[in-house]
Amino acid sequence: MFQHTIVRTPCKNVLEGITSAPELGKPDYEKALQQHACYIEALKQCGVDVTVLPANDEYPDSCFVEDVAVLTRKCAIITNPGAPSRNGETAGIIDAVKKFYTDIEYIRNPGTLEGGDVMMVGDTFYVGRSARTNAEGIRQFGEILNKYGFECVEVPLEKVLHLKTGVNYIENNNLLVSGEFIEKECFQKFNHIVIPESEAYAANCIWMNGTVIVPEGFPTVLKAVQDAGYPTITVDTSEFRKIDGGLSCLSLRF
Ligand code: CIR
């Protein structure tokens, strides 16, 4: 169960966030703020407290706090984002994390790692080797995890930005899985809830203390999650989608 979450208010420069889909247009700032407020409400409904960090205009993508830290039940790991424009974001999360953790570890150059590439399944952490997370970052991450009795499983990525862009664990052995991850050997032991290509964005749902938060506008995924027995909450994330952001990216949950 999660007790805490950390989020950061989107900054005005969110319009300049990195995107692989410029055809979707720029985020509308006011709408992004409203959607972020709804996201916070959804988290609260799931019984967690929410630490809201202030907007930081220096970093357009800084609302995607998931990428700058991995918070486990024993330690916090401050990452080292592989996107140059995001690398400095880690400085802004350390103080917030210190309020909850005494054991804080760091991924250091030349290692890079972004939290969007990390999927926690109990004491096992699947980590995507991506354009953002490199072999050295995974080596350091594995060494830290092993020190705390956790296991690290590397998953090579071919197409998507982050591991959790395409695969998400929603507890009870259930895995939302799309595209390149459907056939991956390391995920065959899970019950697959296969996400159709037309709703691929909604592979990124989050399990929050028994409830699954699903992005708004993806009826097939919503029904599949409900049919699997979960209560659901939907949140509109259209403005974050324009810059490759999903539900999980917007918070740290621990
Ligand atoms: C980026 O490219 O870094 C941001 N525009 C989106 C980050 C999404 N984060 C995530 O999937 N954890």
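The values are calculated or read from the model by the stated rules, or taken from the named source; none is laboratory data. From a predicted model like this one, the values you see are computed outputs, not experimental measurements. All Cβ positions, even for glycine, are placed from backbone atoms using ideal geometry, and neighbour counts span all protein chains on display.
Tell me yes or no: at least one residue of segment 215-224 is closer than 21 Å to D61 by Cα and crowded, with 21+ Cβ neighbours inside 10 Å. Among the residues of segment 215-224, at least one is closer than 21 Å to D61 by Cα and crowded, with 21+ Cβ neighbours inside 10 Å, which makes the answer yes.
Taking the criterion of being away from the ligand (no atom under 13 Å from the Cβ), under 22 Å from G245 (Cα atoms) and crowded, with 19+ Cβ neighbours inside 10 Å, the residues of segment 98-135 that qualify are F125, Y126. Does G115 qualify as being in contact with a Ser or Thr (Cβ under 6 Å, 6 or more places away or on another chain) and closer than 26 Å to I170 by Cα? In short, yes.
Elements of the type helices (runs of 4 or more DSSP H) sitting completely within segment 139-254 and holding at least 2 residues that are modelled with pLDDT of 95 or more, touching a strand residue (DSSP E or B) at 6+ places or on another chain (Cβ under 9 Å) and within 26 Å of L15 (Cβ to Cβ): these cover 163-166, 238-241.
When the residues of segment 185-214 are filtered to those that are among the aliphatic types (A, V, I, L, M) and over 21 Å from S251 (Cα atoms), the one that is surrounded by the most Cβ atoms within 10 Å (Cβ to Cβ) is I195.
Restricted to segment 1-53, and to residues there that are in contact with a strand residue (DSSP E or B) (Cβ under 7 Å, 6 or more places away or on another chain), within 15 Å of the ligand (Cβ to nearest atom) and of a type in the set (S, T, Y), the residue that is farthest from F100 (Cα to Cα) is Y39. Applying the condition of being closer than 9 Å to G128 by Cβ and of a type in the set (D, E, K, R) to segment 154-174 and asking which residue is farthest from the ligand (Cβ to nearest atom) yields E154. Candidates in segment 225-254 are the residues that are more than 16 Å from the ligand (Cβ to nearest atom) and hydrophobic (A, V, I, L, M, F, W, C); of these, the one that is surrounded by the most Cβ atoms within 10 Å (Cβ to Cβ) is V225.
Scanning segment 59-87 for residues being within 15 Å of the ligand (Cβ to nearest atom) and assigned to a loop (DSSP other than H, G, I, E, B) gives a total of 10. Take the conditions (1) away from the ligand (no atom under 16 Å from the Cβ); (2) part of a loop (DSSP other than H, G, I, E, B); (3) under 26 Å from I243 (Cβ atoms); A91 misses just one of them, which is (2).
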